[in-house]
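I have placed the structure first, in the form of structure tokens, so that the comments after it can refer back to it.
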Amino acid sequence: MLNSTSLIYIGIYLLTLLLASTEMTSLSVAALVGALLSTIFGLTCGIFTPQEVASFIDFKVILLLVGVMITFEVVERSGLFRILALYAIKYSRGDPRILFFSICFVSAVVSLFLSDVTAILLIAAAAGTIARIMNYDPVPYFVSAAIMINLGGTSTLIGSTSNMIIGMASGLNFIDFLNFLMLCEIALWILTSLSLYLLYKPRLGEKRTPPTYDPWGEIEDRKTVYKAGFIIVLFLVLFLLYEQWNVGPEIIAFACAILALLIVDVDAGSVFRQIDWETIFFIGGFFIIVGGLEKVGILKAVSEAVLNLSHGNQFVAALLTLWSSAFLSIFVSNIAVALTYTPIIGMMKGLGLNMNYLWSALVLGTNLGGAATPVSGAVCALAIGALKEENINLSFVEFSKAGVLTTIIQLLFATFYLILRFGM
């Protein structure tokens, strides 16, 4: 039963979504308003302490985000991304279709190895350069990159934070993830990129003859580019190996940021001013809102009610898990959804159900629901932030048209795949 406290927190959450979706204010301010209301009510009613409010914010995520932003801001100023973008234009011969599908698949591949935040910053920098040079509408490339990055990494243990949570709770290892989900992910890559192409085909523009240019022609200091290239390679290698050294990715990101500022000749002050602080405050505020929802037990109550409807039927339980976790991940951090669902599914062990079926459904649900709207995940917010740097304000509704469409298509295919892979 919902009590008055639960209703108030549901109201705060819905108010935050209303402010964001109607564009009455920016996403960051909407999240901060919700966080403030959640904190004031929680403290005055004794629901949690000031220390607990601070614990709601995952400062490791914030540190990772800042480290990555600094690193890629420095690298972008070196001109490296521009050079890579110019070579990409040469390869495509001015064909926007080749550029579009290249960005889609590169986005998905990159996100297999890097965090979504890292991947979107990397792809957005390249896509923005391409769009400016060829005078293409950047919206199709940025939105599609965000959706594909969210999809990429679904089939790997380290592909997303929610996957790591589920992997630890379920005991599934790296090979298990690939065995159960790799074929599904590859099919989803193809299906999603085709869907996005059909949606954005009218906005991709016509084939144009690329200008004659030397990608290195405008670079005055090649040593700076080489240093930036070294930073990128080092960054990627360290992110692939950091688990072996028992350090977190946030440490790697921040260390690379400091190294980039040390060896690449840039003005540190101007780099700090260019950091997307709006996105950082948005994520921090939303952490507090989600923490309040978890604290009063709303997420747990909803997920338990949904799973109880299965009545011991593993097919029904798997579909309920897939669709309900995806639906919640549209509105709530998929990390929170994963943390809520894993103990509930764990309780079903020993009931004669195929647990791999349920865990696979949860992995797909928490990942596929993460790019339906701008508030579904950090990667969506970052894509909108990158578009703002291109002087384009993408509305909540416009992003959601592509996000909701592809999410529904992905979930329908995932349902079909689970039936083929595990049976009825």
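We did not get these values from a lab; they are worked out from the coordinates using the rules stated. Because the structure is predicted, anything quoted here is derived from the model rather than measured. All Cβ positions, even for glycine, are placed from backbone atoms using ideal geometry, and neighbour counts span all protein chains on display.
Once both labels are positioned 7 Å from their Cα atoms along Cα-to-Cβ, the gap between Arg222 and Leu412 label points is 5.3 nm. Estimated from helices alone, the mean residue ellipticity of the chain at 222 nm is -25000 deg cm²/dmol (sum of -39500 (n - 2.57) over DSSP H runs with n ≥ 4, per residue).
Rounded to the nearest 0.05, what FRET efficiency do Trp277 and Val237 have when you use their Cβ-Cβ distance and R0 = 25 Å? Efficiency for this residue pair is about 0.30.
Protection proxy ranking, highest mean first, for peptides 163-172, 276-285, 66-75: 66-75, 276-285, 163-172, where packing is the per-residue count of other beta-carbon atoms within 10 Å, averaged. Cα centroid separation, the stretch 1-68 to the stretch 118-173: 25 Å. In terms of Cα to Cα distance under 20 Å, which lysines are near enough to Lys388, apart from those fewer than 8 places away along the same chain? Answer for Lys388, where 20 Å is the Cα cut-off: Lys401, listed by chain and number.
Peptide packing: for 13-19, 410-416, the average count of neighbouring Cβ atoms within 10 Å per residue gives the ranking 410-416, 13-19, highest mean first. Residues in the stretch 125-140 carry Karplus couplings, in order, of 4, 5, 5, x, 5, 4, 4, 5, 5, 8, 6, 9, 5, x, 4, x Hz; the curve used is 6.51 cos²θ - 1.76 cosθ + 1.60 with θ = phi - 60°, and Gly or Pro positions show x.
Compared with the dominant principal axis of the Cα atoms in the chain, helix 249-263 is inclined by about 20°. Measuring nothing but alpha carbons in the stretch 4-422 and taking Rh as the Kirkwood radius, the Rg to Rh ratio lands at 0.97.
Calculated FRET efficiency, Ala301 to Leu15, Cβ-Cβ distance, R0 = 22 Å: about 0.65 to the nearest 0.05.
Could you give the length gained on full extension between Leu262 and Ser6, defined as 0.36 nm per residue of separation minus the Cα-Cα distance, in nm?
Values: separation 256, 0.36 × 256 = 92.16 nm, distance 4.96 nm.
Between Leu262 and Ser6, full extension yields 87.2 nm more.
The alpha-carbon of Lys300 sits under 19 angstrom from the alpha-carbons of these lysines, leaving out residues fewer than 8 places away in its chain: Lys349. Protection proxy ranking for 288-296, 221-229, using the average of other Cβ atoms within 10 Å per residue and placing the highest first: 288-296, 221-229.
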